[in-house]
Structures are given as C-alpha cells and as structure tokens.
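The structure appears below as structure tokens.
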Amino acid sequence: MKGLRKERGSSGFWGEVLKEFKKNKGAVTGFIVFSLIVLVAVLAVFLLDYKTQITKINIPEALQPSSWKHPFGTDQFGRDILNRILYGAHYSLLIGLCAVTISTAIGSMLGIIAGYFGGLVETIIMRTMDVISPIPSVLLAICIASAFGQSLISLMLAVGIVTVPAFARVARASVMSVREEEYIEAAKAIGASDINIIVKHVIPNSLPPILVQATMRVASAIIVGSSLSFLGLGVPAPKPEWGGMLAQGRSFLNTSTNMTLYPGLAIMITVLAINLIGDGVRDAMDPKLKR
Amino acid sequence: MYRYIIKRVLLLIPILIAVSFIVFFIVDLAPGDSIDAVFGNELSTEDKETMREEMGYNDSLLVRYARYIGNVFKGDMGMSVLFKKPALELYLNRVPATLKLAFWGIFIALIIAIPLGVISAIHQNTFIDTLSTILGLLGMSMPSFWFGLLMIILFSLKLGWLPSFGNEGRGSIIMPALTVGVGQAALLMRTTRSSMLEVIRQDYIRTARAKGVKEGVVIYKHALRNALIPIITAAGTQLGIALGGTVVVESVFAWPGVGKLTIDAFNARDTTLVVGCLILTTALSSVLMMFIDIIYAFVDPRIKARYSR
C-alpha cells in the first residue's frame with residue numbers, strides 16, 4: 001500500500017513541480033530575494049541591540065537626512081531608520097507566515113471535514129463561512145484585532161481568521177474532487193478508518209490547491225497586517241513594525257520623506273518577492289491540477 | 001428572471017442577520033465600553049455603573065442582541081455616544097463620499113487596466129508583455145496607503161497642486177481615487193490579459209482576419225467586446241471589495257466616508273456606532289454584489305435561461 005502510493009506520484013509530482021518552478025525566472029528571483037529578507041530578519045534580531053540601537057531616543061540627531069552614518073536618515077526621536085527597518089523585518093514575516101498558518105490550518109481542516117463527511121456537518125460549516133465572508137476583510141480584522149487587544153499575536157489572529165473561509169472553500173472543493181476516487185473507495189473497502197483515510201489519502205491528494213492559495217495569501221496577509229498597524233491596531237510602538245513606522249512618518253511628511261519612503265519600500269519588496277514565488281508555485285502546479 | 005432576483009434578495013436577509021450577530025459578538029469581546037471612553041474621568045465609578053444598568057449594558061449578550069436586532073427592524077440602530085446622533089443617520093450621511101471614492105477608484109483602475117491588458121495580450125511573451133506584467137506585480141505588491149502618502153508628499157507638499165485631505169475643493173478626489181485605483185488596476189489587468197488571450201484564439205477572430213478586417217478593428221471591435229464580460233464582472237466584485245476596503249485610504253486622506261467614520265467610532269470605543277457601521281457596510285457591499293450578479297444574469301443568456309421558466 002505504501003509503495004503504491006509513493007509510485008502514484010508523491011515524489012514524482014513534487015519533483016516535477018520543483019523542476020517547473022526552477023524554470024520560472026521570476027519565481028527563482030522572488031525566492032532568492034525572499035531568502036535574503038529572511039536571513040536579514042534573523043541576523044538583525046541577533047546582531048542589533050533592541051535597547052540601544054532600535055528604541056533609544058537621541059533627540060539631537062532627530063530627523064536627519066541620509067548620510068554615511070545613517071544611510072536612510074533618522075526618525076523624529078533620532079533613531080536610525082535603516083536599523084529599525086532591518087529589525088522590523090521579522091514582524092512582517094511573522095505576521096504573514098503565522099497568519100497564513102493559522103488560516104490554512106483552521107480553514108483546511110474545516111473544509112476537509114465538510115467535504116469528506118458532507119450532509120449536516122458540511123451545511124453547518126459552509127453556511128458559517130458564508131456568513132463570515134461577506135464582512136469586508138479589513139473591517140473584520142480591525143474588529144478582531146481590537147477585541148484581543150493591541151499585540152503581535154492578536155494581529156496574527158485577526159489577519160488569519162479573516163482568510164479562514166477562503167481556505168475552507170478551496171479545501172472542500174479539492175476534497176470533493178478526490179472523494180469519489182477509486183483509491184478512497186478501496187481504502188474504505190479494506191476497513192480503513194475515516195481519520196486514517198483523511199490523513200493518508202485525502203490530505204496529500206488535495207494539498208496542491210491549498211498550498212497555492214497559502215503562498216498567495218502570505219503576501220496579502222503582510223499588507224493587511226501592516227495596514228492594521230498603520231491604523232494603530234497592530235504591534236505597539238516603539239517596536240519598529242513597518243506599518244507602524246509609516247503611521248509615525250505621517251506627522252513628518254513635510255520634514256522627512258525618509259520616514260515614509262523606506263518602510264513602505266521594505267513592505268513592497270517583501271510582498272513582491274512572495275507574489276513572484278506565489279505565481280511560480282501556481283504555474284508549476286497548475287497543469288497537474290487540471291489533470 | 002424575477003424568481004432569480006427574489007431568491008437573491010431573500011437569501012440576503014438571513015445572511016445579514018447572522019452577520020449582525022457575529023459582529024455584535026466580536027465587538028462585545030473588546031475591553032472597555034463607550035461609557036468609559038466618553039465619561040472616563042468625569043463620572044465616578046458608581047455613577048458609571050448606574051448608567052450602565054440604566055442603559056442595559058449589564059444584560060447578557062443574547063438579551064442585548066435581541067433588543068438591538070428588534071430595534072434595527074424598526075429602523076433604529078441606536079445612538080452614537082461619540083456624535084450624540086442616531087448611528088443610521090451618521091452612516092447614511094457618509095455613504096455618498098465612500099461611493100464616490102469607490103466608483104472613481106474602479107473607473108481609474110479600468111482606464112489603466114484595459115489598455116495595458118490588451119496590449120500585453122496582443123504582444124504576448126514580448127518585452128511589452130513582460131514590462132506590463134512587472135508593472136502589475138508592483139501595483140499588487142504596493143501597500144495602497146503608502147502610495148497615497150508618497151503622492152501627498154509629491155503633489156501636495158512639494159508641488160502644491162492638489163489638496164492633501166478632505167472632500168472639498170477641485171481635485172480633492174484625484175489622489176484618493178488613484179490610491180484606490182492603482183491597486184485594483186493590477187488585478188484587473190491580469191483579468192483583461194487572460195480574457196483577451198482566450199478570445200484572440202477563437203475561430204471568429206480568425207474569420208474576421210481572413211475576411212481582411214483591419215487588425216485594429218479585429219482587436220477592439222471583435223475581440224475586446226467579447227473579452228469584456230469577465231472584466232466587467234471582476235470590476236464589479238472589486239467595487240464591492242473597494243467599498244469595504246477604503247478604510248485605510250479614507251484614513252490617509254481624511255476622506256469623510258464610512259471607513260473614516262468606522263475608525264473614529266473604533267478609537268472612541270463607540271460600540272453602537274461600530275456595530276452599525278460594520279453591519280451597514282457589509283449590507284452595502286452585499287447589495288452591490290447582488291446587483292452585479294443580477295445585471296450579469298441579464299447580460300448572459302445562459303444564466304437567464306436557467307431561471308426564466
């Protein structure tokens with residue numbers, strides 16, 4: 001049984017996806033840039049000192065333009081903008097990745113249960129999703145973020161919960177397409193339990209569309225997360241979250257362009273890299289999805 | 001056809017009621033209430049407590065929700081503590097500004113997206129195609145509020161051409177609408193490109209070319225016209241999303257729309273107004289999307305046929 005499943009395509013399928021992905025120049029560029037950002041984010045947390053280099057107030061050096069000492073200038077408290085952006089990278093990455101992990105986990109689980117069991121369970125789950133999804137996502141996220149209080153975790157939860165319905169729908173659709181396959185019927189015939197069938201057969205076979213959706217959603221989660229921080233509902237100051245830095249820059253549009261320009265640029269480059277990867281993953285998996 | 005419309009309208013009511021309960025429940029989770037926010041220091045703790053008792057703040061969630069929804073059916077969505085006015089009236093006063101912003105935003109998005117999408121479809125896999133694909137990706141990856149801030153720096157502060165906030169004076173709509181439009185344009189451009197690519201390969205396009213019709217006429221009269229249906233549908237969906245998504249843009253430009261009202265209500269912990277804003281915005285965008293579906297059904301004979309028995 002195990003050998004059979006492997007031959008069916010697990011490794012062959014993923015190998016082919018990887019080959020297709022590597023052929024895509026944009027996707028590879030995106031992947032390299034994203035890896036660099038992750039590396040910088042990790043290094044910054046270890047190499048920069050939070051108390052002296054990130055949040056220490058130094059009024060005499062406030063609002064300086066770009067210089068050798070401060071390549072991106074300084075903010076209204078005299079803090080180095082480049083350091084703050086480097087250190088802030090891990091907030092955006094964490095928000096994007098954790099939020100999507102939350103929504104993928106909850107959404108796919110609900111979708112798989114709904115798709116596999118059908119009937120009343122399906123009706124209850126999918127109707128609940130129908131009720132959550134028409135609420136405009138930014139507004140719902142604001143609502144949830146303020147309900148849990150201003151923190152990184154609550155921001156991740158807010159951004160994550162908002163996209164649960166999207167994952168539930170994708171997962172349900174793909175489970176329904178594999179549910180009628182012969183190998184599921186065969187597994188049932190030899191007496192495999194529902195949990196066993198779901199874990200061993202349904203999840204691996206409905207994974208591709210969920211994965212495509214997840215990659216794409218990391219990008220939008222980062223944007224929604226920084227929007228909430230911009231509105232004052234995210235990571236509290238003085239932590240240098242990019243959206244929060246933009247919110248501070250707003251009061252100094254006249255005097256310091258740097259405070260607005262660079263944090264936004266950082267968000268854009270990160271999101272762009274993830275979008276490139278997302279497009280690559282989708283294109284690499286799409287021909288197989290149509291099978 | 002009428003059966004379809006009636007069905008859509010009837011389906012909307014239970015969904016909106018359920019939405020109202022979810023919103024009511026989540027807002028209720030948030031710490032602090034409007035009495036604390038408004039009378040924080042003016043009243044003693046006992047006075048505030050009596051006030052809560054009188055206003056029914058201490059009843060259980062279900063009781064308060066039942067009372068609320070009962071009043072909503074009578075057309076009363078409660079009083080805003082922040083503005084001392086009925087929530088419904090406050091909201092309705094702000095709707096035109098948000099509609100104006102969303103419509104202009106989508107209009108700008110279409111003006112950018114259709115030509116770019118058509119050009120990159122005609123020149124598939126050439127330099128022009130790559131360039132516009134990159135432009136689209138940049139547009140999608142850019143946080144819209146950042147783009148808005150950069151425009152304020154350039155056009156209001158450095159050049160002094162446009163007002164940086166509000167909905168008054170000539171040109172005040174330009175920057176907010178561009179901010180909404182550029183992000184949407186990226187998505188619509190992708191739709192235009194793929195829809196055009198599909199249509200260009202159809203037999204009737206080959207026939208038109210074979211007849212000797214000029215290339216420009218083939219593209220704009222035969223191809224684009226047929227490619228337009230998915231584009232318009234996507235634009236409609238985007239419009240619905242834009243209505244709920246202008247919150248951040250409205251906050252950047254101090255645009256007096258419903259998004260700004262919602263954020264102000266949030267910051268003041270004006271729960272009555274927050275709940276009202278969320279329910280009404282959901283209703284507004286759902287109704288809009290329903291209209292688009294219905295129009296679409298009228299345009300597309302296949303959908304029409306299904307319901308015209």
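Just so it is clear, none of the values below were taken in a lab; they were calculated from the coordinates. Model, not experiment: these values are computed from the prediction. We place every Cβ from the backbone using ideal geometry, glycine too, and count neighbours over all the protein chains shown.
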May I ask you to derive the relative contact order of region B:1-134, considering only C-alpha pairs under 8 Å and at least 6 residues apart, and to give it as an integer percent? 12 percent
In degrees rounded to 10, the 0-90 angle between helix B:87-122 Cα long axis and the longest Cα principal axis of chain B is 20 degrees
Find, to one decimal place in angstroms, the Kirkwood hydrodynamic radius of region B:87-267, where the mean of 1/r is taken over every pair of different Cα atoms and then inverted. 17.7 Å
Residue-normalised 222 nm signal for chain B, counting each DSSP H run of n ≥ 4 as -39,500 (n - 2.57), nearest 500 deg cm²/dmol, is -24500 deg cm²/dmol
Can you give the Kirkwood hydrodynamic radius for region A:1-118, in Å, rounded to one decimal and based on Cα pairs? 18.5 Å
If you line up the long axis of helix A:164-179 against the longest principal axis of chain A, both from Cα atoms, how many degrees apart are they, to the nearest 10? 20 degrees
From the gyration tensor of the Cα coordinates in region A:165-291, what semi-axes in whole Å does the equivalent ellipsoid have, largest first, with each one equal to sqrt(5λ)? 45, 16, 9
Report relative contact order for chain B in percent, whole number only (criteria: Cα-Cα under 8 Å, sequence separation at least 6). 28 percent
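Just in region B:55-147: which trypsin sites (Lys or Arg not before Pro) are loop by DSSP and have at most 12 other Cβ atoms within 10 Å?
When the trypsin sites (Lys or Arg not before Pro) of region B:55-147 are filtered for loop state and at most 12 Cβ neighbours within 10 Å, B:74, B:84 remain.
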Rough spin-label spacing in nm, given labels placed 7 Å along Cα→Cβ, for residue B:89 and residue B:62: 3.5 nm
Are there any trypsin sites (Lys or Arg not before Pro) in region A:5-78 that are in a DSSP loop and have at most 14 other Cβ atoms within 10 Å? List them by number. A:56, A:69
If we count GluC sites (Glu not before Pro) as exposed when they sit in a DSSP loop and have at most 13 other beta carbons within 10 Å, what is the longest stretch of chain B that avoids them all? B:169-309
Collect residues whose amide H, placed 1.01 Å from N in the peptide plane, falls under 5 Å from the amide H of residue B:79; neighbours closer than 5 in sequence don't count. B:87
I need the shape label for the protein assembly as shown. Rule: rounded when a/c is under 1.5, else prolate if a/b > b/c, else oblate, with a, b, c from the alpha carbon gyration tensor. rounded
Between residue B:124 and residue B:2, the FRET efficiency computed from the C-beta separation at R0 = 41 Å comes out, to the nearest 0.05, as 0.40
Quotient of C-alpha Rg and 2.2 N^0.38 Å, computed over chain B: 1.24
Go ahead and set up a Gaussian network model of chain B, Cα springs under 10 Å, then flag whichever of B:182, B:95, B:63 fluctuates most. B:63
Based on DSSP H runs of at least 4 residues, each adding -39500 (n - 2.57), what is the mean residue ellipticity at 222 nm of chain A after dividing by all its residues, to the nearest 500 deg cm²/dmol? -24000 deg cm²/dmol
Kirkwood-based Rg/Rh on the Cα set of region A:216-269 evaluates to 0.98
Treating the angle as unsigned and between 0 and 90°, give the value, to the nearest 10°, between the Cα long axis of helix B:224-245 and the longest Cα principal axis of chain B. 20 degrees
I'd like the distance between the alpha-carbon centres of region B:219-288 and region A:54-105, rounded to an integer number of Å. 31 Å
Residue of A:122, A:241, A:180 that the Gaussian network model of chain A assigns the largest fluctuation, springs spanning Cα pairs under 10 Å: A:180
Answer rounded, prolate or oblate for chain A, using the Cα gyration tensor with square roots of eigenvalues a ≥ b ≥ c: rounded when a/c is under 1.5, else prolate when a/b is larger than b/c, else oblate. prolate
Counting pairs of Cα atoms in region B:1-122, how many percent are more than 18 Å apart? 72 percent
Region B:151-176 and region A:150-183 have their Cα centres apart by a whole-number Å value of 41 Å
